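Notes for the one structure printed next.
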Amino acid sequence: LAALALVFPMVMLQQMLSSGAMGGGVSSAISRAIGAGQTDRAATLAMHATVIGGLAGVFFTVLFLVAGPMIYRTLGGQGAVLDGALLYSNTVFLGATGIWLTNTFASVVRGTGNMRVSSATLLGVAAAQICIGGALGLGLGPFPNLGLRGVALGQALAFTGGAIFFTWYLLSGRAKLDIRPGSVVYSKDMFADILKVGAIACLSPLQSVLSVLVMTGFVARFGTEALAGYGIGARLEFLLVPIAFAIGVASVPMVGMAIGADDVPRARRVAWTAGALAALATGLAGLGVFLMPELWARIFSTDPRVIASARSYLVVAGPAFGFFGLGLALYFSSQGSGKMLGPVLAQTVRLVTITVGGAAVVASGGDAAQFFSVVALALVLYGLASSYAVYSVPWGPKAKA
């Protein structure tokens with residue numbers, strides 16, 4: 001478990017970059033082209049996206065094979081834990097290209113407005129990962145017991161299968177894109193159309209992971225019970241991400257097609273609707289734990305001190321969860337518009353607030369409850385800054401980036 005804990009953040013970061021960030025850039029470019037009636041351009045963009053996804057996968061493989069030992073030592077791994085982490089990491093990142101291509105192709109399909117095929121395929125990949133990883137990791141039936149390597153192989157093989165299926169689907173013409181790999185002429189303009197959104201969007205998950213590391217570092221100063229209680233509260237926050245992600249990602253092709261058709265009012269309506277839905281869903285969850293924090297905390301612990309710490313976090317931060325959902329949904333909607341700087345800077349506002357506020361609490365001899373107030377403030381500012389970015393930045397084909 002300790003070895004998995006070291007590698008898991010890196011695996012999740014790769015998922016966020018390939019699916020939510022760069023994947024959003026792919027969906028944005030393709031949906032804007034389709035909205036403008038340029039289906040040939042959309043098909044060509046799909047091939048450019050394939051190159052980006054393939055190269056990114058190779059980069060991650062080389063990065064973690066070469067620098068993996070240094071990365072996991074920096075995170076505290078040593079001895080048997082480090083050996084286990086490297087065994088898992090080397091195996092799972094050998095399949096990085098399959099992961100990047102699967103998420104890239106899913107984003108291509110999503111960009112055409114077809115959410116059903118992309119979602120169903122990714123669900124199938126997840127199910128296959130569980131089955132294959134479980135069989136190889138535990139040695140079920142006729143399968144060998146490969147331990148951590150088997151679990152990692154489950155992910156690598158499942159996503160490779162997903163990439164193969166998506167390749168067949170896209171080349172079959174069922175995606176309504178006439179993709180002809182042999183006749184594609186690659187151009188800087190096409191790469192730039194994807195990267196002007198995807199590359200900038202990648203800064204957001206990087207800042208998000210850094211925010212988690214900074215928060216964990218500050219809370220650890222207040223003791224083991226405070227850290228455990230914060231971890232219980234943060235679990236709920238992590239569970240809210242897929243809700244806001246699902247709503248936000250669904251808005252990307254809708255916003256992109258409206259922008260491509262030069263229907264900016266519709267694009268903004270879609271963005272604000274997505275933001276409102278995500279804020280409502282995550283806000284209701286936050287309200288629930290604000291009113292009944294122990295109901296969630298007792299699922300994970302019976303220690304009174306840990307429960308008290310979790311209660312302290314949930315009562316303070318719970319009411320701010322709606323702003324978190326709002327900001328995350330608007331981040332994805334902005335991908336469809338092609339204007340990403342504002343939402344990314346909103347994540348920077350959150351990171352700076354946590355860092356500066358946390359340092360001030362520690363310097364003044366404050367307690368965990370005061371730091372939790374800083375975390376809540378950071379969530380509120382994130383949502384407000386994202387809203388201001390969407391409100392103030394001009395959208396449309398003729399607007400400057």
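Key figures for this structure:
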quantity	calculated
In sequence order, calculated HN-Hα J values of region 58-63 (Karplus, 6.51, -1.76, 1.60; Hz; x Gly/Pro)	4, 4, 5, 4, 5, 4
Whole-Hz couplings from phi, Karplus 6.51/-1.76/1.60, listed for region 292-299; x for Gly and Pro	9, x, 5, 4, 7, 5, 6, 5
Given charges at beta-carbon only (K, R positive; D, E negative), |dipole| of region 111-261 in Debye	200 debye
Fully extended contour minus Cα-Cα distance, from Leu384 to Met12, at 0.36 nm per residue	131.3 nm
Rel. contact order, % - alpha carbon contacts under 8 angstrom, at least six apart, the chain	20 percent
Summed side-chain charge close to Ala267 - residues other than Ala267 whose Cβ falls under 12 Å, Lys, Arg +1, Asp, Glu -1	+3
Ellipticity estimate at 222 nm from DSSP helix runs (n ≥ 4, -39,500 (n - 2.57)) divided over the chain, nearest 500	-28000 deg cm²/dmol
Ile243, Ile30, Ile132, Ile99 arranged by Cβ crowding within 10 Å, fewest neighbours leading	Ile243, Ile132, Ile99, Ile30
Charge dipole (the chain, unit charges on Cβ, about Cα centre) - positive-most of Ala228, Leu377, Leu86	Leu377
Net dipole in debye of the chain [+1 Lys, Arg Cβ; -1 Asp, Glu Cβ; about Cα centre; nearest 20]	640 debye
Among Leu295, Ala246, Thr216 - extreme Cα towards positive end, dipole of region 202-392, charges at beta-carbon	Ala246
Percentage relative contact order, region 202-392, counting C-alpha pairs under 8 Å, at least six apart	29 percent
Cα lying deepest toward the dipole's positive end in the chain, options Ala274, Ala308, Gly325, charges on Cβ	Ala274
For region 256-271, Karplus couplings with θ = phi - 60° (6.51, -1.76, 1.60), whole Hz, Gly/Pro x	x, 5, 5, 5, x, 8, 6, 9, 4, x, 5, 4, 5, 4, 4, 4
Rounded, prolate or oblate (a/c below 1.5 giving rounded, otherwise prolate when a/b exceeds b/c) for region 202-392 by Cα gyration tensor	prolate
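Taken together, the values in this text are just the output of simple stated rules run on the coordinates, not laboratory data. Predicted, not measured: the structure shown is a model, and the values here were computed from it. A quick note on method: Cβ atoms are made from the backbone with ideal geometry, for glycine too, and the neighbour counts reach across all protein chains shown.
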